[in-house]
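The values are calculated or read from the model by the stated rules, or taken from the named source; none is laboratory data. What you see is a predicted model; the values in this text were computed from it and never measured. We place every Cβ from the backbone using ideal geometry, glycine too, and count neighbours over all the protein chains shown. In case anyone asks, the SASA skips ligands and DNA or RNA and just uses the protein heavy atoms, side chains included. Shrake-Rupley method; radii C 1.70, N 1.55, O 1.52, S 1.80 Å.
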Amino acid sequence: MNALVATNRNFKLATRLLKLDSKLEKSLLIPFREIKVECTIPKDDGTLASFVGFRVQHDNARGPMKGGIRYHPEVDPDEVNALAQLMTWKTAVANIPYGGAKGGIGCNPGELSLSELERLTRVFTQKIHDLIGIHTDVPAPDMGTGPQTMAWILDEYSKFHGYSPAVVTGKPTDLGGSLGRDAATGRGVLFATEALLNEYGKTIAGQRFIIQGFGNVGSWAAQLIHEQGGKIVAVSDITGAIKNSKGLDIPSLLKHANEHRGVKGFNGADHIDPNSILVEDCDILIPAALGGVINRENANDIKAKFIIEAANHPTDPEADEILSKKGVVILPDIYANSGGVTVSYFEWVQNIQGFMWDEEKVNNELRNYMTKGFKDVKEMCKTHDCDLRMGAFTLGVNRVARATVLRGWEA
């Protein structure tokens with residue numbers, strides 16, 4: 001099931017629980033604006049190449065729209081629509097004053113030189129500069145983009161509008177990026193996991209974890225969980241999967257993964273089939289890679305008691321039903337991975353104030369937001385007698401619906 005179908009399904013279930021009227025429901029689903037632009041650049045060899053860039057701006061009832069820009073060969077309009085919508089609910093669950101957006105360019109960044117990527121980014125910015133802005137739409141990095149991409153967007157945007165560091169987040173710290181942003185999603189996963197385990201009278205220490213995906217989110221989550229005494233028994237990435245039931249030596253693994261661009265070949269572990277990682281024995285499973293990895297084929301075999309969704313949409317709705325019958329508790333992506341966008345908000349706030357925080361303040365504020373977010377989700381679960389996913393969705397949709405009605409926007 002694709003991301004758009006699943007997101008729409010969750011949205012519909014939430015609106016029923018909230019008893020929203022059908023006109024309001026319809027207006028909440030329709031994107032505010034969809035932008036599609038042609039980006040033509042000279043390549044290094046002098047030939048011209050054309051790429052399609054786009055931005056879906058979903059909702060701005062609660063504040064400026066916020067969401068990543070991805071550079072990927074298969075940029076599917078449906079998926080971008082779903083992710084923009086998901087950002088609307090995610091920012092509302094986190095209770096930060098944003099709406100949702102998502103965008104990108106259909107290209108393969110691995111096949112472009114650094115100067116070609118720079119030209120492409122600048123042309124894209126020229127095409128959309130009057131449709132984004134500090135109080136309109138604030139882009140961030142996503143798949144295939146990073147701090148350098150944000151630096152180019154900031155520079156190009158500033159040529160039209162004057163120096164505006166708050167127009168993008170996830171910037172290099174030298175250009176107004178926030179301390180703690182790099183680790184933010186992984187740290188948010190840690191705080192979310194702590195909040196959930198606390199409900200069950202447990203702590204991170206001594207729990208056995210499996211992490212699928214060892215990119216930015218997975219590796220930071222592994223490092224921080226390891227520091228709290230959690231035992232990480234298996235991890236995987238695109239190069240392969242490794243397991244050590246006594247617990248992996250995470251500092252050594254991080255060093256190995258940096259040097260060898262992946263976990264493959266790590267000495268202190270056995271190699272296992274990457275497809276079996278989700279069904280290995282553990283207490284807590286953290287999918288931190290792609291969407292749709294937990295589905296009806298493997299859901300019955302999952303041994304974890306808790307699943308923390310660090311990736312976007314890793315669990316199919318069919319798997320959701322199978323797992324809830326088994327009594328597995330799933331902490332949904334829309335809450336669990338909101339640490340990144342929360343610290344992006346802190347970065348934006350610091351830029352607008354022209355006053356930067358130290359890392360301790362960033363991390364403490366993030367803990368406050370994640371802890372309060374979990375309480376709010378639990379409150380909705382009690383009110384509507386539903387699971388954590390629906391608790392989070394009803395919380396997000398309700399906040400956006402209330403803002404929409406208060407602003408007099410309902411049809």
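Tabulated results
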| read-out | value |
| --- | --- |
| Candidate set: region 67-97, residues that are part of a helix (DSSP H, G or I) and out of contact with any Gly (no Cβ under 8 Å at 6 or more places or on another chain); chosen: the one least open to solvent (accessible area, probe 1.4 Å) | Ala82 |
| Test set (1) among the aliphatic types (A, V, I, L, M); (2) without any contact (Cβ under 8 Å) to a residue 40 or more places away in the chain; (3) crowded, with 24+ Cβ neighbours inside 10 Å - Ile132 fails condition number | (2) |
| Within region 1-45, tally of residues that are open to solvent by 30 Å² or more (accessible area, probe 1.4 Å) and hydroxyl-bearing (Ser, Thr, Tyr) | 3 |
| Per-region count, region 315-332, residues closer than 15 Å to Ile286 by Cβ, open to solvent by less than 10 Å² (accessible area, probe 1.4 Å) and not polar (S, T, N, Q) | 3 |
| Every residue from region 138-185 that is open to solvent by 20 Å² or more (accessible area, probe 1.4 Å), among the acidic types (Asp, Glu) and part of a helix (DSSP H, G or I) | Asp155, Asp174 |
| Residue in region 221-229 that is surrounded by 20 or more Cβ atoms within 10 Å (Cβ to Cβ) and outside any helix (DSSP H, G or I) present | no |
| Checking Phe209 against (1) within 24 Å of the chain's Cα centre (by Cα); (2) of a type in the set (Phe, Trp, Tyr); (3) open to solvent by 30 Å² or more (accessible area, probe 1.4 Å), the condition it does not meet | (3) |
| Region 98-122, subset surrounded by fewer than 19 Cβ atoms within 10 Å (Cβ to Cβ) and in contact (Cβ under 8 Å) with a residue 40 or more places away in the chain, residue nearest to Ala289 (Cα to Cα) | Gly106 |
| From Asn258, Asn267, residue being of a type outside the set (Val, Ile, Thr), more than 25 Å from Val279 (Cβ to Cβ) and open to solvent by 40 Å² or more (accessible area, probe 1.4 Å) | Asn258 |
| Complete set of residues in region 323-363 that are touching a helix residue (DSSP H, G or I) at 6+ places or on another chain (Cβ under 8 Å), closer than 21 Å to Gly186 by Cα and not in a helix (DSSP H, G or I) | Val329, Ile330, Leu331, Pro332, Asn337, Ser338, Trp357 |
| Test result for His271, free of Cβ contacts under 8 Å to residues at least 60 places away in the same chain and assigned to a strand (DSSP E or B) | yes |
| Asn300 part of a helix (DSSP H, G or I), touching a residue at least 12 places away in the same chain (Cβ under 8 Å) and not hydrophobic (A, V, I, L, M, F, W, C) | yes |
| Test: residue in region 239-253 that is without any contact (Cβ under 8 Å) to a residue 60 or more places away in the chain, under 22 Å from the mean Cα position of the chain (by Cα) and buried (at least 22 other Cβ atoms within 10 Å of the Cβ) | no |
| Yes/no for Gly63 being assigned to a loop (DSSP other than H, G, I, E, B), at positive phi and either open to solvent by less than 60 Å² (accessible area, probe 1.4 Å) or touching a helix residue (DSSP H, G or I) at 6+ places or on another chain (Cβ under 8 Å) (or both) | yes |
| Residues (touching a Phe, Trp or Tyr at 6+ places or on another chain (Cβ under 8 Å) and closer than 23 Å to Ser158 by Cβ) located in region 90-123 | Tyr98, Gly103, Gly104, Ile105, Leu117, Glu118, Leu120, Thr121, Arg122 |
| Subset of region 376-409 [part of a helix (DSSP H, G or I), surrounded by fewer than 20 Cβ atoms within 10 Å (Cβ to Cβ) and free of Cβ contacts under 8 Å to residues at least 24 places away in the same chain] | Glu379, Cys381, Lys382, Thr383, Arg402, Leu406 |
| Breaking point among (1) closer than 30 Å to Asp385 by Cβ; (2) outside any helix (DSSP H, G or I); (3) out of contact with any Pro (no Cβ under 8 Å at 6 or more places or on another chain), for His58 | (3) |
